[in-house]
Each structure stands twice: as C-alpha cells, then as structure tokens.
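Here is the structure we will look at, set down as structure tokens.
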Amino acid sequence: MASLIDDLSDPPGDSDLHYWADWAELLCITASAGMLSDSDLAEEIERQRSTGSGNQASQNDKFQRHAREVFNYLAGRALRYDDTYPFELSANGRILTKRSLTDPRIVYLFLLVCSSFKYVPRSAMVSLAGRFEWLCLAAAKLSLPSEAEVHLFGKNPLGVPSRYVGSLVNKLNQLADDLCEVAVFKPAKFKAGNTGDWGLDIVAWLPSGDRAVGRMILFGQCACTAEWVTKQQTVGDNRWNKIISITVPPVAVCYIPFDFRDPSGDWYNEHQIFRSYIVDRWRLMYALGFFPPAGRPTISAADLAAILPVQDLKDLVDVGSS
C-alpha cells in the first residue's frame, strides 16, 4: 500500500474540535521528535492560517487559544482511552508524545487514519475503506450472539468473501429470502449490470428456527467521511421497505472511524444522529474487546493482522523517528 498519510499542512476545514484533535495526533506521530506541544500546534496553525495583515499579536493569541482548546479536548481522549491510547499527554497537558504500539493502539491509529481521508493519498483510500468495512464486520460478529448470521452485503474491494454475489437484483432477492420476507422492488428499475449494494454494507439477523416473517435484523452502513451524517438514512426502514416488505424494522447502524465525542465522552453533537445506532471509534474498540469488563470476546491478533495494514501503520509511526 502507498504511504497512508500525505501532506498535513492544511488544517481541518471544519471547526469541530474532534477533527482538530485528529490532525494534532497525526502531526504528533509524523513529527521528527515524535511529540507535539500546544505551542507547536499554535505555530502550525499560524503558518497555515495567518493572513500576514492586521494585528499580528491578536492573531497569535487567537491561534494559541485554539491550540489550547484542542489540547484540552485531547486530555479528555487520553483519559477515556487510557492504555489503548497511542499517545501520552504530559502532566501539565501541554505535550503529546507517541507511545509504543500494542494491538489496541494499532487499531486506534488505523481508525485515526480512516477518519483523515483529507490527508490520505487517493491511491490508498479504496483499500482503507475496504479494511474499515472488514473491521466493522468483525466488530459486529463480536457484538452479536454467536448464532447470529453476519455478512457483508456489498462487494468488498479486498475480496472479502460475501454471501451476496452477482447483480444487485440477485443480491436483493437473496436478502429477502434470508430474512424470510418478500421482495417488492421492480427488477426493471435497476440497470442491467448493476452489482451495487443499495447503500447496505453489513447485514445481520438472529435465526428464529422457522420461516415465519419477522426477524431481528441489523442493517449497517460503513462511512469514512463526514458524509456519514446523511448516509445514516441509507439503511433505514423507510428506504428499505420499498425494496423488501420487512415486518420488523431493522436496527440501523452507522459505523464511523471518528471519535465523535466531546471531552466528557458524550456525543459531540447528538443532533447529527438520526434514528440510527452510531458505532464510532470508541464503540468500535469496545466491540473489539479492548475495554472492560474483562472476559468479553476480543478480536484475535491473527484477525487483526489479516484486516489491518499493520506494517504501513508501523511505518507511519516510524516516520517521526527517522
């Protein structure tokens, strides 16, 4: 795979602090010293955002205040993620330093990169998105009862085996049969040769021991960009009832690599959540078994090695040490 991160010189275009915190973490792991201070961050913001006109002292104060806001936000992350956090924040909260890698920290870095497509070379995006989808599949399997059927619905770019193959019409008919429901769509409305997924990435259901209608169903969408807010609706029952007469509305799940939290651990903005269960960076790592309570199923090292670009992530961290 190509280098995972390209030029970091352009700060986030969004004002949301969780994007700025991600950018600061990327600056930290790619820094020559493997660390980033709030002053370093303020200087980086100044280099990119200073207009060169007006009251320079006032601008500098503004950049320094913003850098402190980002570091205050990072303090909340460091506290929440604890030992799984691949960074260490100094006692005074002003210096971020990268830590040695463990499996949970590698997963965190992977999700950080997947949250940062603005800085990812285009040549690496498809593979990363496919790996993220694969990781979400693993998380879904660990979260649901062992007897649950959990499958990819879309065509994964990494060739991950799927129960659903061929044209979209064939996939939809297979899905309707799996769910013991009736397909109500008109095949002629889909273009010939359409092998898409109708916005559905992951499907899961609990076997009921019969063929009667009405199963517990999960429809999942995996999204690595800020457009996840609108993509939530692609797996909602309002959309899918036009395709399959689903008796029991499915649980709509949106998997995102972002740490969509405020410093306290609550949602960053719950008004962006629309009738769906959000599995963000924190919930993904919880589902993979990295957080208490002890004794929960945990993803194996072998599965992580197969799913993640482990060496590329290690190389990314080593950039700051070379």
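Give segment 186-214 a look and list any residue that's surrounded by 18 or more Cβ atoms within 10 Å (Cβ to Cβ) and closer than 18 Å to Arg239 by Cα, or say none.
Answer for segment 186-214, where residues must be surrounded by 18 or more Cβ atoms within 10 Å (Cβ to Cβ) and closer than 18 Å to Arg239 by Cα: Asp197, Trp198, Leu200, Asp201, Ile202, Val203, Ala204.
Tell me whether segment 33-50 contains one or more residues that are of a type in the set (Val, Ile, Thr), outside any helix (DSSP H, G or I), over 24 Å from the mean Cα position of the chain (by Cα) and buried (at least 17 other Cβ atoms within 10 Å of the Cβ).
We begin by selecting, within segment 33-50, every residue of a type in the set (Val, Ile, Thr); these are 45.
With outside any helix (DSSP H, G or I) added as a condition, the list becomes none.
No, the conditions are met nowhere in segment 33-50.
Condition check ((1) at pLDDT 95 or above; (2) closer than 30 Å to Trp20 by Cβ; (3) in contact with a Ser or Thr (Cβ under 6 Å, 6 or more places away or on another chain)) across all residues:
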| position | (1), (2), (3) |
| --- | --- |
| Gln221 | yes, yes, yes |
| Gln233 | no, yes, no |
| Thr247 | yes, no, no |
| Val251 | yes, no, no |
| Phe258 | yes, yes, yes |
| Arg261 | yes, yes, no |
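Which ones in segment 85-114 are in contact (Cβ under 8 Å) with a residue 40 or more places away in the chain and farther than 15 Å from Cys28 by Cβ?
Asp103, Pro104, Ile106, Val107, Phe110, Leu111, Cys114
Identify all residues within segment 210-231 that are of a type in the set (Gly, Ala, Ser) and either over 18 Å from Cys136 (Cβ atoms) or free of Cβ contacts under 8 Å to residues at least 12 places away in the same chain (or both); write none if there are none. Lay out the reasoning, then the answer.
The first filter runs over segment 210-231 and keeps only residues of a type in the set (Gly, Ala, Ser), leaving 212, 214, 220, 223, 226.
Across segment 210-231, the qualifying residues are Ala212, Gly214.
Can you find even one residue in segment 282-301 that is touching a Phe, Trp or Tyr at 6+ places or on another chain (Cβ under 6 Å) and either in contact (Cβ under 8 Å) with a residue 12 or more places away in the chain or not in a loop (DSSP other than H, G, I, E, B) (or both)? Give the derivation first.
Pass one, segment 282-301, residues touching a Phe, Trp or Tyr at 6+ places or on another chain (Cβ under 6 Å): none.
No - not one qualifying residue is present in segment 282-301.
Just one of the numbered conditions (1) surrounded by 21 or more Cβ atoms within 10 Å (Cβ to Cβ); (2) part of a loop (DSSP other than H, G, I, E, B) is not true of Asp7; which one?
So the condition that Asp7 fails would be (1).
Take Arg80 and decide whether it is under 30 Å from Leu218 (Cβ atoms), of a type in the set (D, E, K, R) and not in a loop (DSSP other than H, G, I, E, B). Before you say what the answer is, go through the steps one by one.
Values: under 30 Å from Leu218 (Cβ atoms): yes; of a type in the set (D, E, K, R): yes; not in a loop (DSSP other than H, G, I, E, B): yes.
Taking the combined requirement at face value, the residue satisfies it.
Evaluate segment 21-28: report whether one residue or more is more than 23 Å from Leu313 (Cα to Cα) and part of a helix (DSSP H, G or I).
To start, the set of residues in segment 21-28 that are more than 23 Å from Leu313 (Cα to Cα) comprises none.
No, every residue in segment 21-28 fails to be more than 23 Å from Leu313 (Cα to Cα) and part of a helix (DSSP H, G or I).
Kindly indicate which of Gly166, Gly130, Gly93 is in the same structural domain as Leu288 (by TED's automatic domain parsing) and on the phi > 0 side of the Ramachandran plot. Spell out the reasoning first.
On the way: Gly130 fails: on the phi > 0 side of the Ramachandran plot; Gly93 fails: in the same structural domain as Leu288 (by TED's automatic domain parsing).
Within the list Gly166, Gly130, Gly93, the selection yields Gly166.
Of all residues being surrounded by 20 or more Cβ atoms within 10 Å (Cβ to Cβ) and touching a Gly at 6+ places or on another chain (Cβ under 7 Å) in segment 226-275, which is nearest to Pro12 (Cα to Cα)? Just the residue, please.
Out of the qualifying residues, it is Tyr255.
The values are calculated or read from the model by the stated rules, or taken from the named source; none is laboratory data. None of the values given here were measured: they were computed from a predicted structure. Cβ sites come from the backbone with ideal geometry, for glycine too, and all protein chains shown count toward neighbours.
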